[in-house]
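Remarks on the structure that follows.
The values are calculated or read from the model by the stated rules, or taken from the named source; none is laboratory data. The structure presented is a predicted model; accordingly, all values stated were derived computationally and were not measured. We place every Cβ from the backbone using ideal geometry, glycine too, and count neighbours over all the protein chains shown. Ligands, DNA and RNA are stripped out before the accessible areas are found, and what is left, the full protein with its side chains, is counted by its heavy atoms. Shrake-Rupley method; radii C 1.70, N 1.55, O 1.52, S 1.80 Å.
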Amino acid sequence: MRSSICFAVISAFVLASALDAPAETMRGTVVDQSGKAVAGVMISAFDEGHRKWVSTFSQADGSYQIDGLRDVDHTVRARLMGQRDEWLEDVEGSATRLTITMQPATGLDLEDQRPANSAFGMLKFDNARDKQNFKMFCTYCHQVGTIGFRTPEKPVDWETMLRRMDGFGGLYPHTQKTIVQRLINTYKDDAIKKWPTFVPPPAPSGTAAQARITAWEIGKRIEGSFHDLELGPDGLVYAVNISKHRVVTLDPRTGEQRSYPLPQGSYAPHSIELGNDGHMWLTLCASGQMAKFDIKTREYTICSSAEAHERRGSYPHTLRINPEDPEGLIWYTDAGRNSCFSLHPETLKVKEYHLLKAGQAVAAGKGESRGITPYGLDFSPLDGMIWYSKLNGNRIGRIDPMAPDGDIKEWNPPFRGPRRLHVAPDGMVWVPGFGSGVFGKFNPETEQWTVYDLPDAMNQIPYALNIDPRGHVWICGTGNDTLNRFDPKTEQLVEFRLPMRVSYTREIEFDSEGNVWVSTSGPARHMERGYGAIIKLEVLRDDVPGGGIQLAGKVIAGEDIIAAVDKPPPVKLPMFKDSPNSTLLARISVTPLPKGYMAVKGTTDKDSSAIHQAYVNGRMAGLTEQQISRVAQLWNERQRIDDKIQNAGAEFVRIMEFVARGDK
């Protein structure tokens with residue numbers, strides 16, 4: 001990632017031959033059915049030849065202006081939540097006095113405008129912790145509740161799809177028992193008819209309506225999953241198609257797109273960054289490799305992402321390169337192991353840094369979540385330190401590249417799901433809290449956190465953030481098709497709406513003028529038009545008052561960090577038939593199994609049964625006759641009040657241990 005990119009100088013001759021001139025400007029007015037001006041309407045002009053959407057917003061007097069268009073016919077769309085989309089065909093790029101009349105949206109037209117965060121809010125959980133757990137494991141790659149989410153691919157039906165997803169096993173055991181039916185009850189078929197009518201948010205105003213957004217549709221329909229992008233010194237935009245195993249380039253000046261497949265045996269380009277050598281470097285997560293893409297020869301150099309004694313890495317993920325590093329080392333996380341790595345761009349020598357284990361983090365508490373999944377990564381512009389996050393381990397950490405062993409230190413944030421972090425020029429570490437719907441600033445000197453809730457935080461899934469040259473923090477509105485700009489000085493958040501629904505963004509870059517670039521990823525069939533996109537956002541004016549949301553940071557330090565994330569959820573007891581000991585047996589059923597039970601797993605059901613029986617026989621041999629009788633009494637009653645015990649062997653062991661401990 002570069003905070004600014006210097007594009008190569010292009011001769012006047014080449015520029016003239018590449019661009020269609022002159023640039024045209026489209027102007028007009030947006031009104032309602034009574035003729036009154038409507039502000040905040042996104043007006044988009046689509047150039048089919050360049051596969052490009054250019055969007056701006058109507059102002060307080062209803063006027064709009066879209067410049068830089070080619071002298072060709074465009075398709076024009078007017079969009080505002082709460083109003084029907086209005087379409088105009090065959091509109092000249094130089095059209096003026098183009099009046100668009102908006103009409104209120106009702107029924108399904110209105111419901112189709114509901115963003116994913118609102119649709120996700122329809123799914124109810126017993127407590128906030130259960131919802132965070134669901135977000136952490138079930139919104140990794142797509143939004144929840146959208147039209148695409150509610151219509152599984154044929155011939156897979158809803159139940160099959162949900163049970164397959166639930167089989168990933170990351171959900172709490174009690175959630176696994178209910179989540180399939182919860183999702184079916186909320187989203188399947190006509191379930192949306194039970195939802196409350198969608199209430200649109202206010203129209204964009206102030207700075208939020210002073211943006212020009214250009215989006216290029218990339219690749220073929222229903223194949224676009226363009227995970228990350230990078231800006232090249234040659235004026236091209238480079239993006240990786242993780243599912244089709246290739247790098248694609250876009251020339252923003254001409255709309256030309258080209259595709260460069262990876263060599264056989266190399267798969268799933270995940271992240272891409274410009275190296276100090278002037279070429280692109282990629283992580284290949286599925287094949288455990290690193291790749292250099294020569295931007296002149298268009299050839300790949302492939303190597304293992306692991307050290308020399310290993311054939312491949314596990315899941316190389318996010319990479320960063322410090323432009324001030326004289327060696328130009330490529331640093332990257334590996335989400336499949338508890339490590340970060342550095343790669344020398346010339347010798348291809350790899351060095352592995354083994355990260356801390358559970359319990360070694362500063363303020364490490366009960367919420368360790370296995371201490372794995374190294375994820376986001378960045379370098380500090382202040383001192384060159386390498387910072388990383390552990391998505392499921394719920395930590396951030398620091399590596400000193402000058403120390404032989406990295407002198408590694410880790411901290412727990414006061415929220416769930418630290419994802420793609422970045423370090424500001426002043427050394428502050430900014431971190432998105434994917435699971436909690438927040439973002440936070442960490443001060444390495446004081447070890448204090450300042451945490452900000454995004455609007456509708458519990459339904460938001462901020463994937464990544466980055467800091468622009470002016471010090472603004474930009475945050476992916478991954479859950480509601482937006483980009484958010486936060487000013488740390490004023491604590492004002494401005495939300496910029498993107499042109500298409502289901503825009504799942506994962507990475508943010510900036511060009512030399514401070515404009516914002518992102519790409520869309522996730523299942524392409526969920527996306528509104530079925531195409532992945534490369535998007536550029538320009539803020540045209542910053543002197544228009546209003547349009548922002550005032551946030552208030554919460555300063556958290558010390559023991560309060562753990563308290564913020566480790567409040568245990570209330571235990572929900574199962575409902576049994578009424579009996580003398582039904583309440584007691586319900587309490588016993590939620591107690592943890594002893595650590596020594598089934599410590600060694602059998603390779604077959606017969607082996608597992610024998611291991612279980614050996615444990616029971618050994619434990620029962622130490623009980624008194626009175627205790628054995630008590631075990632039998634409770635077990636017989638347990639079977640009478642619940643004839644569908646999911647794991648009878650484990651339930652018997654819980655009762656046996658309860659009696660053996662002498663609990664009441």
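Residue-wise test of (1) over 17 Å from the mean Cα position of the chain (by Cα); (2) modelled with pLDDT under 95; (3) on the phi > 0 side of the Ramachandran plot; (4) not in a strand (DSSP E or B).
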{"position": "PHE442", "(1), (2), (3), (4)": "yes, no, no, no"}
{"position": "VAL451", "(1), (2), (3), (4)": "yes, no, no, no"}
{"position": "ILE461", "(1), (2), (3), (4)": "no, no, no, yes"}
{"position": "GLY471", "(1), (2), (3), (4)": "yes, no, yes, yes"}
{"position": "ASN480", "(1), (2), (3), (4)": "no, no, no, yes"}
{"position": "VAL494", "(1), (2), (3), (4)": "yes, no, no, no"}
{"position": "VAL518", "(1), (2), (3), (4)": "no, no, no, no"}
{"position": "ARG525", "(1), (2), (3), (4)": "yes, yes, no, yes"}
{"position": "GLU528", "(1), (2), (3), (4)": "yes, yes, no, yes"}
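Of all residues in segment 195-212, which are more than 28 Å from GLY121 (Cα to Cα) and either open to solvent by less than 10 Å² (accessible area, probe 1.4 Å) or without any contact (Cβ under 8 Å) to a residue 60 or more places away in the chain (or both)? Correct list: ALA211 only. SER243 meets all of the listed conditions (1) in a loop (DSSP other than H, G, I, E, B); (2) touching a residue at least 60 places away in the same chain (Cβ under 8 Å) but one, namely (2).
Conditions tested, residue by residue: (1) in contact with a Ser or Thr (Cβ under 7 Å, 6 or more places away or on another chain); (2) open to solvent by less than 70 Å² (accessible area, probe 1.4 Å); (3) aliphatic (A, V, I, L, M); (4) within 16 Å of PHE576 (Cβ to Cβ).
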position: GLN613; (1), (2), (3), (4): no, no, no, no
position: MET620; (1), (2), (3), (4): no, yes, yes, no
position: THR624; (1), (2), (3), (4): no, no, no, no
position: ARG630; (1), (2), (3), (4): no, no, no, no
position: ARG638; (1), (2), (3), (4): no, yes, no, yes
position: VAL653; (1), (2), (3), (4): no, yes, yes, no
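Scan segment 389-414 for residues that are within 16 Å of the chain's Cα centre (by Cα) and either at pLDDT 95 or above or not in a loop (DSSP other than H, G, I, E, B) (or both) and the total you get is 2. For segment 440-483, a residue qualifies if it is out of contact with any Pro (no Cβ under 7 Å at 6 or more places or on another chain), open to solvent by 20 Å² or more (accessible area, probe 1.4 Å), closer than 21 Å to LEU382 by Cβ and not basic (Lys, Arg), and the qualifying residues are ASN443, PRO444, GLU445, THR446, GLU447, GLN448, THR450, PRO469.
Restricted to strands (runs of 3 or more DSSP E) entirely inside segment 38-106, those with at least 3 residues that are among the charged types (D, E, K, R) are 73-79, 86-92.
Pairing residues of segment 94-110 that are touching a residue at least 24 places away in the same chain (Cβ under 8 Å) and more than 15 Å from VAL31 (Cα to Cα) with residues that are of a type outside the set (S, T, N, Q) and exposed (fewer than 14 other Cβ atoms within 10 Å of the Cβ), at Cβ distances under 7 Å and at least 6 apart in sequence or on separate chains, gives SER94/ASP71. Is at least one residue of segment 239-249 over 24 Å from ASP112 (Cβ atoms), at pLDDT 95 or above and touching a Lys or Arg at 6+ places or on another chain (Cβ under 6 Å)? The answer is yes; a qualifying residue exists. Filtered by the rule that a residue be free of Cβ contacts under 8 Å to residues at least 40 places away in the same chain, over 15 Å from ASN581 (Cα atoms) and either open to solvent by less than 50 Å² (accessible area, probe 1.4 Å) or part of a loop (DSSP other than H, G, I, E, B) (or both), segment 655-664 gives a lone residue, GLY662. The residue list GLY649, GLY622 contains one member that is at negative phi, outside any loop (DSSP other than H, G, I, E, B) and either modelled with pLDDT under 85 or touching a helix residue (DSSP H, G or I) at 6+ places or on another chain (Cβ under 6 Å) (or both), which is GLY649. From the list ILE295, ILE222, ILE242, the lone residue that is open to solvent by 20 Å² or more (accessible area, probe 1.4 Å) and either over 25 Å from the mean Cα position of the chain (by Cα) or of a type in the set (Ser, Thr, Tyr) (or both) is ILE295.
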